[in-house]
1. Run the simple label-point estimate for Arg24 and Arg235 please: 7 Å along Cα→C-beta, distance reported in nm.
2. Under a point-charge model restricted to the Cβ atoms of Lys and Arg (+1) and Asp and Glu (-1), what is the dipole moment magnitude of the chain relative to its Cα centre, in debye to the nearest 20?
3. In the chain, with Lys and Arg counted as +1 and Asp and Glu as -1 at Cβ, which of these residues, Ile78, Thr29, Leu148, has the Cα nearest the positive end of the dipole, that is, farthest along it?
4. With unit charges on the beta carbon (Lys/Arg positive, Asp/Glu negative), name the residue among Pro242, Ala176, His225 whose Cα is farthest towards the positive pole of the charge dipole of region 175-256.
5. Per 0.36 nm of contour for each residue apart, how much would the distance between Asp75 and Arg211 grow if the chain were fully extended, relative to their Cα-Cα spacing?
6. Using only alpha-carbon positions, what ratio does the radius of gyration of region 130-279 give when scaled by 2.2 N^0.38 Å?
7. How large is the dipole of region 143-194 about the Cα centre if only Lys and Arg carry +1 and Asp and Glu carry -1, each at its Cβ, rounded to the nearest 20 debye?
8. Take Ala292, project a point 7 Å from its Cα along the Cβ direction, then tell me which residues of region 180-206 have their backbone nitrogen under 17 Å from it.
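Any read-out appearing in this document is the output of simple, stated calculations on the displayed coordinates, not a laboratory observation. Remember, it's a predicted structure, so these values are computed and weren't measured experimentally. Don't worry about glycine lacking a Cβ; one is built from the backbone with ideal geometry, like all the others, and counts go over all protein chains shown.
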Amino acid sequence: MLRNVLLRTAASPFWISQIEWWGRRSGLTRRFVAGESFEEALPVIRGLQDEGLLTTLDQLGEDTRDLSAARRAADKYIELLRRLNVESIPSTLSIKLSQLGLAIDPNFCRDLLGSILAEAEKVDNFVTVDMESSAYTESTLEVYRWALDRFGTARVGIVLQAYLFRTEADLRALSALGCHIRLCKGAYREPRTVAFPRKSDVNRNYRKLVRVLFESPAYPEVATHDERLIRYVQRLARERKPRDSWEFQMLFGIRRSRQRSLARAGYRVRVYVPFGTQWAPYFTRRLAERPANLVFLLRHLGRR
Ligand code: FDA
């Protein structure tokens, strides 16, 4: 219920401005977002890497409504790839296609992704396409398949969400091709016609899908903070894939000590590090995942 209300606010400009105000005043934003610029995020990224963690960077932004803004977003990603290369910062990128204008013109978006991937090819980097609400699933997969055809599995990966009914078919098809697949539970508000409404069913489906991944030629990216799933995957992986052919992935600011303990135990662990000024929708999804975050925010504001 609270989750749905919060996720609905993520789509409203009025509530976005309120959330920005609350997030800044409470300081809670900094727990989930590494900074408002790359300069601010850089010490955070280096700190994670010093602890043996891998990183993937999200230059925040989504639901871009005009093509010039989409182009600017793509140019910023290209600049970021060059900068990572020049400064020898070993980090991949994660990109939302709605930031590149998917909702306005899928062909334009596809070309922008192509230009980012061409740069990634030059500097030998890797890009994962994030998965957004189910309104975008089909078009995101179409653009991803196009990119896969041109750039191959070693250059571009995809996120799939265990809460969607369709994901099993998508995952079976893409895992057979040996793709990098980041499997998460799913963070958007979805109708019962397309997604499991109950968390227990999502968790059950996650286990089923992750088993398929580990039995396929895919490179599994296990994106969860759920301890039961983490332990399940540790057991599952033992006899199926060597540790350098899959990874755990977690979000910046969530279960930090677990990220470090898994890395110390010899697992590959990649942290998803978001930065930028357009952090409100991302931050709202993090609040929606855990009501305790909202309670913290309100309590903190109450004290001021
Ligand atoms: P679950 O929600 O059951 O949480 C398990 C435990 O993790 C909780 O008990 C708590 O301890 C901790 N936890 C989880 N969320 C927390 C929070 N917000 N604050 C504090 N603690 C928290 N989704 C999507 O739809 N599209 C995408 O492209 C991505 N990309 C992505 C990349 C990566 C690397 C990760 C880890 C996740 C995503 N997600 C995503 C988000 C994902 O779908 C999901 O919403 C969150 O990971 C929370 O689900 P868990 O699997 O962690 O389980």
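1. It works out to 4.9 nm between the two label points.
2. Numbers: 51 positive and 35 negative charges, 336 e Å.
Charge dipole, the chain, about its Cα centre: 1620 debye, nearest 20.
3. It is Thr29, whose Cα lies furthest towards the positive end.
4. The residue sitting most towards the positive pole is His225.
5. Working: separation 136, 0.36 × 136 = 48.96 nm, distance 3.79 nm.
That works out to 45.2 nm of additional length.
6. On the way: Rg = 15.0 Å, N = 150, 2.2 N^0.38 = 14.8 Å.
After normalising by residue count via 2.2 N^0.38 Å, the value is 1.02.
7. Details: 9 positive and 4 negative charges, 22 e Å.
That gives a dipole near 100 debye.
8. none
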